[in-house]
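**Q** First the structure, which I've put down as structure tokens, then a few questions once you've had a look.
Just so it is clear, none of the values below were taken in a lab; they were calculated from the coordinates. None of these values were measured; they are calculated from a predicted model. For neighbour counting, all protein chains shown are included, and Cβ atoms are generated from backbone atoms with ideal geometry for every residue, glycine included.
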């Protein structure tokens, strides 16, 4: 039994969508009382810190409907079916940026919003990039613009708030830490 | 008009809960086609990188129902009503850890899961901590255990995957970067 485990008394399926499902659970708390938990089920996702030969990071700008604005993020996307996360990372990198890579390695995996969602992002670092002549294209409802910037510029964009996406912060900070260790 | 803006054609309110709301929107894409967006509305949250006099970070372990396991995170919680984020940070720090602080400063704000949710977390750093004799207690459905560890231990826990929460990674990496600059 996990610490402070909450026993599920009842699960109500509220919504089943293309990307997320929503459940409301009645739970028994450690003190015997009951409460409700609102839970988003997500298939999981991948994100890629892709570093070019020039030492720039590959970013994508895309419109994010929940915030009604464009955000600058590292390439990312959800897992399709039972897709292997590394395959998904390579696929998203190609679809969103037109790059393939010779080296790809898992940095870490993290939960984005554990208070209400089970989304787990697997973060990879991709190096030895090569522009493909005929890359697979992105999802037909996805419009992205490519931006390649130096580590210094990316760090400035974090400080100024121009980059304000959690997975992108984690990736850029990781890269900063790696660079400062060298 | 924002780049690649998606025009809302119709909004369907699916669920309105204690913490999150769910909408499905029909949108018009930049190419004139239509698509659906599943969107979680969240009130926003705060998180606190609290550093003790001994140079340890204050973490809390709590059960996270979406993952059915306990996670180790920095103190955090959602905004209540029109609460000022800094007041919320001080409140969550007191409720979850029993600490007050003399210094608190905003580090940055970030979106946790911009693909499907509008949750914005305001991340603060709190120093000059003081244990309160009679702290306000946590929400009655919240059970947390306090853990205080060094920067080195926290970094090890990130590498090993024992810490796997996005906001906590961002906070610890920020702390590492600040320390390495000194």
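**Q** Could you give, in nm with one decimal, how far residue A:53 is from each other copy of that position, shortest first, with labels 7 Å out from Cα toward Cβ?
**A** 5.7
**Q** While we're looking at this one, here's another question. For every helix of n ≥ 4 consecutive DSSP H residues, a contribution of -39,500 (n - 2.57) applies; sum these over chain B, divide by its total residues, and give [θ] at 222 nm rounded to the nearest 500 deg cm²/dmol.
**A** Using -39500 (n - 2.57) per qualifying helix, the result is -7000 deg cm²/dmol.
**Q** Is the stretch B:1-91 rounded, prolate or oblate when judged by the Cα gyration tensor, a ≥ b ≥ c being the square roots of its eigenvalues, rounded requiring a/c under 1.5 and prolate requiring a/b larger than b/c?
**A** Prolate, because a/c is 1.5 or more and a/b exceeds b/c.
**Q** Could you state the orientation-averaged shadow area of the convex hull built on the Cα atoms of chain B, in nm² to one decimal?
**A** 13.2
**Q** Would you mind ranking A:139, B:54 so that the residue whose beta carbon has the fewest other beta carbons within 10 Å leads the list?
**A** Least crowded to most crowded, the residues run B:54, A:139.
**Q** Which of A:83, A:28, A:95 moves most in a GNM of chain A, Cα contacts under 10 Å?
**A** Of A:83, A:28, A:95, the Gaussian network model singles out A:28 as fluctuating most.
**Q** How large, in Å, is the stretch B:98-177 by the Kirkwood hydrodynamic radius built from its alpha-carbon pairs?
**A** 14.9
**Q** What does the average come to when, for each residue of peptide B:167-179, you count the partner chain Cβ atoms lying within 10 Å of its Cβ?
**A** 4
**Q** On to the next question. By how many degrees, between 0 and 90 and to the nearest 10, does the Cα long axis of helix B:85-97 differ from the longest principal axis of chain B?
**A** Roughly 50 degrees between the two axes.
**Q** Okay, next question. Compute the long axis of helix A:166-181 from its Cα atoms, compare it with the longest principal axis of the Cα atoms of chain A, and write down the angle in degrees, 0 to 90, nearest 10.
**A** So the helix axis and the longest Cα principal axis differ by about 50 degrees.
**Q** Once the piece of chain linking residue A:15 and residue A:156 is laid out straight, how much longer is it, given 0.36 nm per residue of separation minus the C-alpha distance between them?
**A** Length gained between residue A:15 and residue A:156: 46.7 nm.
**Q** By how many degrees, between 0 and 90 and to the nearest 10, does the Cα long axis of helix A:151-160 differ from the longest principal axis of chain A?
**A** 50
**Q** Right, next: What does the convex hull of the Cα atoms come to per residue for the protein assembly as shown, in Å³?
**A** About 148 Å³ per residue, rounded to a whole number.
**Q** Placing the label point 7 Å from Cα along the Cα-to-Cβ direction, what are the distances from residue B:18 to the equivalent spots in the other copies, shortest first, in nm to one decimal?
**A** So the label point of residue B:18 gives 3.2 nm to the other copies.
**Q** For the stretch B:78-118, just list the percent of Cα-Cα distances falling in each 5 Å bin from zero outward, please.
**A** 5, 18, 21, 25, 17, 8, 4, 0
**Q** Determine the distance separating the Cα centre of the stretch B:24-76 from the Cα centre of the stretch A:114-180; give it in Å without decimals.
**A** Using only Cα atoms to place each centre, the spacing works out to 18 Å.
**Q** Give me the distance in nm between label points sitting 7 Å out from Cα along the Cα-to-Cβ direction at residue A:28 and residue B:109, one decimal.
**A** Placing both labels 7 Å beyond Cα along the Cβ direction yields 4.2 nm.
**Q** Would you mind giving the mean number of other chain beta-carbons within 10 Å of the Cβ of each residue in B:150-160, as a whole number?
**A** Mean partner shielding for this stretch: 1.
**Q** Normalised by the residues of the stretch A:45-181, what does the relative contact order come to in percent, with Cα pairs under 8 Å and at least six apart?
**A** It rounds to 31 percent for the stretch A:45-181.
**Q** Same structure again: Assume the label is 7 Å from Cα along Cα to beta carbon: what separations in nm does residue A:150 have to the matching positions in the other copies?
**A** Residue A:150 label point versus its equivalents elsewhere: 3.5 nm.
**Q** Something else now. In peptide B:116-123, how many Cβ atoms from other protein chains are near each Cβ within 10 Å, on average?
**A** Shielding by partners across B:116-123 averages 6.
**Q** Just want the ordering: B:153, B:136, from fewest to most Cβ atoms lying within 10 Å of their own Cβ.
**A** Least crowded to most crowded, the residues run B:136, B:153.
**Q** Additional query: Among A:170, B:158, rank each residue by its count of other Cβ atoms within 10 Å, from fewest to most, as a rough exposure measure.
**A** Result, fewest neighbours first: B:158, A:170.
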